[in-house]
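The values are calculated or read from the model by the stated rules, or taken from the named source; none is laboratory data. Predicted model only: the values in this text are computed from it and were never measured. Virtual Cβ from ideal backbone geometry, glycine too; neighbours counted across all protein chains shown. Accessible surface areas use protein heavy atoms only, side chains included; no ligands, DNA or RNA. Shrake-Rupley method; radii C 1.70, N 1.55, O 1.52, S 1.80 Å.
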Amino acid sequence: MQLEGLLTAALVMAVVGLAAATKVSFAASGSPLSVDYRRLVSRADLSFDHTFDISDDGLPIGNGTMGSLIWTSPHALKFQINRVDVYANGCETNSFFRRDHDYAYACGLLDIEMVDFGEEVFPKEGTRQHLTVYDGLATIAGAGVTTESTAWQKGDVFAVRIDDKRKVPGTIRAKLQTMRPRAVHTYNHKAISDLLAKDGRVVLRQTFREDDYYQTSAVVVAVTGRESQTRMNDSSGGRRTLPQSPRSPGLAQPNERQIGLIAKAERGAMVVWIASAETSDPDEDVVAKAQRQLDAAVARGYDGIRKDNDAWWQAFWAKGFVHMTSPDGSADEVERNRTYFLYLMACCSRGAYPPNYGGLIFSTRGDCRSWGAQHWWSNMSIYYRGLMAANHEELTGPLFDMYIKAKPSLERAARQSWASQGIYIPETMWFDGIKNLPDDIAAEMPDLYLGIKPWGQRSQRFRKYVVGQHPHSAAWNWMAYGRTWRDGEWTIPVKSDGPFGHVTHLFSPNAELAHLAWKRYEYTGDRDWLRDKAYPLLRGAAEFYRNFPAMKKDDKGVYHISMVSCGEGFWGGRDSIEIVGMIRGLLPTAIRAAEILDVDPGLRAKWREMLDNFTTIPTSDEGHAKLRDGYKGPAVWVTGRPSAVRKDIGAGLPSFPARLWEVDIFNVETRHTDPATWKTAMATYRYSYPRGIAADRPIHVLSQMPAIAAKLGQTEDFRNSALSILKCTDAENDFCVYEGTYRRGVLANRMTLREGINAIGAQRLGCVTYAVHEALCQSNPGSPGGEPVLNFFPAWPKDWNAQFTQAARGQFLVSASFADGAPEFIEILSQAGRPCRIRNPWPSDKPLTIYRNGKSWKTVEGELLTFDTQATIRYLLLPAGVTPESVRRTVPAKTD
């Protein structure tokens, strides 16, 4: 970063940093809003006066890398120690080829038992549970025992403070349990679990090996404030003092699965400390690594880590906020879910890798889960789309880091799987990328997958090779359920007549990830980020599409693309709405990024030529689409064009329409900059939802309708779809394993088991968070690669009052208030001194006054307001005659 940029960033941080206290006053911030962050965030707390029937309802804590739900039995406090960076295998595995049998994330189970014999300490009724979202503290008060659990934000350590006030205190046992028997072999894969005692602490180390793959993790548990002893629990539940082996000091016997740390019975407080670590370096001592974390936490002390956590969480919450109220309480509920979602992401998305969309780091039932351990882009991306507007771009780091670390394998896969160039980002992949194919398989695969070689003529070598491949991996997702062993070999059923599966031919993740990286640049202005991370993704995606063998010109010189899918339901089409829209959104952005960096002039020219001659998104007036009977409206976008594989083309898709809005194909600004595209977008929307979205209409829990409605300025549809998704109004039909997940919709902790057993998640919260920010303030260009324009309250219900501060593309921090059906004020904090463009939310013929750092600066009017800004300066927009003093607000109000 240039010196000027560093100085600007420092000044902005100084201004924003004034908000790091619990409460920010008018004078301190210079803003009309005085925010009591503790009161505001605490509106999202979880509070119960009973225990839970299932562990999935537990209270979540985490530090971004290490996390757990906390739940109880009548006699114990329970944890499953999970990490985002623990994987049993990598992409080169040949041992895991059955769905849902691969495993990851879990390091160990911990029960803190408080009763040997006697009354329940956590009775069903009367046990009080409270999660304080503002500082990440889970408190559970039972019969004579109160526990506080928190995740240290400066290290991978949990601290559990136990205050025993029983008249007759009991011994307290911290029992650490392995995830599986000591040695488990799965073909070439080995999972070894060792229990150790070391320096008065108990340790669980698990190690995974397969060929060249190696990873090991450790959990270390200690007690302070009590005299304690280590104990081994055998499989029958008996207990004995842990033996020390001369040849392998501290190793457990092979049949033992539990090790305990028993604290002497006393009244008063004690602390159980739980540290974890992982490494992929065989020469690194993972136990010593975890011990160092624990030593640091113990030295800091329980009060010390609470102070560290208070400071960290205060700074986190002060980066932005949304406060919402409505007479019926629905807006308040949306606010609580948005705040809570940010808490969850802070707990699980600050490590080396992103959390899995199904399970996050809150699984409670072991380390196998529905849909396995691979990352699914469409599901995972829902968690990340709204974080930049929430001014928490730092939480997107693990997502980008995973793909960037895997870039060499993604470049290789573009060549091996598709005979293309650039990078190939599949819908599903392992944390470390895509498997390196044998030369003969790589030579055959593109011809098979692109329809050049008939599927029925695939070689025996190919048929034999795929037996050991995982059917969730994009390349092998054409495999259907029900493989059988017949005549000495596996018979693999297929999903269709060709190499098509739900995710085999999905190519939109290339453009979506690259464009998300570009948006991070637009939010932050970080040129290092653009040069080192965003542009390589943009360039790689553009080159993949440009060199894709099924991208060809017709006799009129127009590029078309074949053998592509649209979502998971339309396979092998030509010019699918998804891929055409993604390419038309990506190329202008890639060109602009290259211009900013002044690189690749030759590629820029090739991309421009491709864009100028690339086909348009297919529409119904081309004559090949099957529209519903009686439709007489304007032309609408349709799924694709007829191909040799797919001739049944329909209009619209349940995901309307294939996430084109993610690459700036349409949004509320498009109506001004590209009226033709806006007309088609609205016609397609109305075709899909001719009566809009009624309040009682069930919306699929993974639908992106709240965001789509917000992007299109559809206020009631935004409101109704957001509320429907939050309530899971059709869980019986939406959930993958509804019967197997206790017929539960929304869990006590606001998450769901939509994806299946042990696959807890919060995708719907991510969707609603993104939609809320888009309904409050969109900062999108009207067309791809253009300059962003701020549109305030484009889809905001008139009976929902709101105040907020969020980030905007163009490097602005924007605040505003909406009350009694109209905007009260808009405030812009310029972070880089770029020109500001605002679509006027007030009547365009009424004058507005702009205050510059509290002083009247200029009067403006019109539909589009444009003015130059200076870094670190605040610009307050008010209707003429309204004074800054009159719009000052305390958030939340005393009555909220």
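Could you check how many residues of region 305-327 are surrounded by fewer than 16 Cβ atoms within 10 Å (Cβ to Cβ) and either free of Cβ contacts under 8 Å to residues at least 24 places away in the same chain or hydroxyl-bearing (Ser, Thr, Tyr) (or both)?
2
Check ALA816, ALA808, ALA802 and return the single one that is open to solvent by less than 20 Å² (accessible area, probe 1.4 Å), touching a His at 6+ places or on another chain (Cβ under 9 Å), under 26 Å from ARG671 (Cβ atoms) and at pLDDT 95 or above.
Result of the check over ALA816, ALA808, ALA802: ALA802.
Anything in region 334-382 that is within 18 Å of TRP152 (Cα to Cα) and aliphatic (A, V, I, L, M)? List them, or say none.
Passing the criteria: LEU342, LEU344, MET345, ALA346, ALA352, ILE361.
For region 466-489, state whether one or more residues are of a type in the set (Gly, Ala, Ser), open to solvent by 50 Å² or more (accessible area, probe 1.4 Å) and over 30 Å from TYR383 (Cα atoms).
So far as region 466-489 goes, yes, one or more of its residues are of a type in the set (Gly, Ala, Ser), open to solvent by 50 Å² or more (accessible area, probe 1.4 Å) and over 30 Å from TYR383 (Cα atoms).
For region 110-137, how many residues meet the condition of being open to solvent by less than 60 Å² (accessible area, probe 1.4 Å) and not in a strand (DSSP E or B)?
The number of residues fulfilling the criteria is 10.
Within the set of pairs 6+ apart or on separate chains, which have a first residue in region 531-558 that is assigned to a helix (DSSP H, G or I), a second that is open to solvent by 50 Å² or more (accessible area, probe 1.4 Å), and C-beta atoms under 6 Å apart?
These pairs meet every condition: GLU543/GLN421; ASN547/GLN421.
Might you let me know whether region 801-815 holds any residue that is part of a loop (DSSP other than H, G, I, E, B), polar (S, T, N, Q) and over 16 Å from PHE321 (Cβ atoms)?
Looking for residues that are part of a loop (DSSP other than H, G, I, E, B), polar (S, T, N, Q) and over 16 Å from PHE321 (Cβ atoms), one finds at least one in region 801-815, hence yes.
With the structure loaded, tell me whether GLY366 is at positive phi, assigned to a loop (DSSP other than H, G, I, E, B) and either surrounded by 23 or more Cβ atoms within 10 Å (Cβ to Cβ) or of a type outside the set (A, V, I, L, M) (or both) or whether it fails that test.
Yes; evaluated as a whole, the condition is true for this residue.
Against the conditions (1) open to solvent by less than 10 Å² (accessible area, probe 1.4 Å); (2) of a type outside the set (Ser, Thr, Tyr); (3) closer than 27 Å to SER95 by Cα, where does HIS392 fall short? Just the number, please.
So the condition that HIS392 fails would be (3).
Could you grab me the full set of residues in region 434-457 that are modelled with pLDDT of 95 or more, out of contact with any Lys or Arg (no Cβ under 8 Å at 6 or more places or on another chain) and buried (at least 16 other Cβ atoms within 10 Å of the Cβ)?
Scanning region 434-457 gives LYS435, LEU437, MET445, PRO446, TYR449, LEU450, LYS453.
Working only within region 601-645, note down all residues that are more than 28 Å from ASN547 (Cα to Cα), out of contact with any strand residue (DSSP E or B) (no Cβ under 6 Å at 6 or more places or on another chain) and open to solvent by 70 Å² or more (accessible area, probe 1.4 Å).
Residues satisfying the conditions are ASP621, ARG628, ASP629, LYS632.
If you take the residues in region 141-188 that are acidic (Asp, Glu) and in contact (Cβ under 8 Å) with a residue 60 or more places away in the chain, which one is nearest to ASN89 (Cα to Cα)?
ASP156
Restricting to region 538-568, and then to whatever is of a type in the set (Gly, Ala, Ser) and either under 33 Å from the mean Cα position of the chain (by Cα) or crowded, with 24+ Cβ neighbours inside 10 Å (or both), can you tell me which residue is farthest from ARG412 (Cα to Cα)?
GLY567
GLY250 is checked against (1) open to solvent by less than 20 Å² (accessible area, probe 1.4 Å); (2) modelled with pLDDT under 95; (3) closer than 19 Å to GLY155 by Cβ and fails just one. What number does that condition carry?
Exception for GLY250: condition (3).
State all residues of region 92-109 that are in a loop (DSSP other than H, G, I, E, B) and small (Gly, Ala, Ser); if no residue qualifies, say none.
Correct list: SER95 only.
Given (1) closer than 30 Å to PHE792 by Cα; (2) open to solvent by 10 Å² or more (accessible area, probe 1.4 Å), where does ALA419 come up short, assuming only one miss?
Among (1) closer than 30 Å to PHE792 by Cα; (2) open to solvent by 10 Å² or more (accessible area, probe 1.4 Å), the lone unmet condition for ALA419 is (1).
Provide a single number: the residues in region 174-220 that are under 22 Å from THR364 (Cα atoms) and not basic (Lys, Arg).
The qualifying residues number 25.
In region 1-59, what count of residues is obtained for those that are open to solvent by 50 Å² or more (accessible area, probe 1.4 Å), among the small types (Gly, Ala, Ser) and modelled with pLDDT of 95 or more?
1
Among the candidates GLY237, GLY225, GLY268, which residue alone is surrounded by fewer than 20 Cβ atoms within 10 Å (Cβ to Cβ), over 25 Å from GLN153 (Cβ atoms) and at pLDDT 95 or above?
GLY268
Scan region 62-98 for residues that are buried (at least 23 other Cβ atoms within 10 Å of the Cβ), of a type in the set (A, V, I, L, M) and over 26 Å from the mean Cα position of the chain (by Cα) and jot them down.
Within region 62-98, LEU77 is the sole residue that qualifies.
Just give me the residues in region 142-160 being open to solvent by 10 Å² or more (accessible area, probe 1.4 Å), assigned to a strand (DSSP E or B) and over 25 Å from TRP317 (Cα atoms), in sequence order.
Correct list: THR146 only.
Consider SER349 carefully, then state whether it is over 16 Å from the mean Cα position of the chain (by Cα) and of a type in the set (Gly, Ala, Ser).
In short, no.
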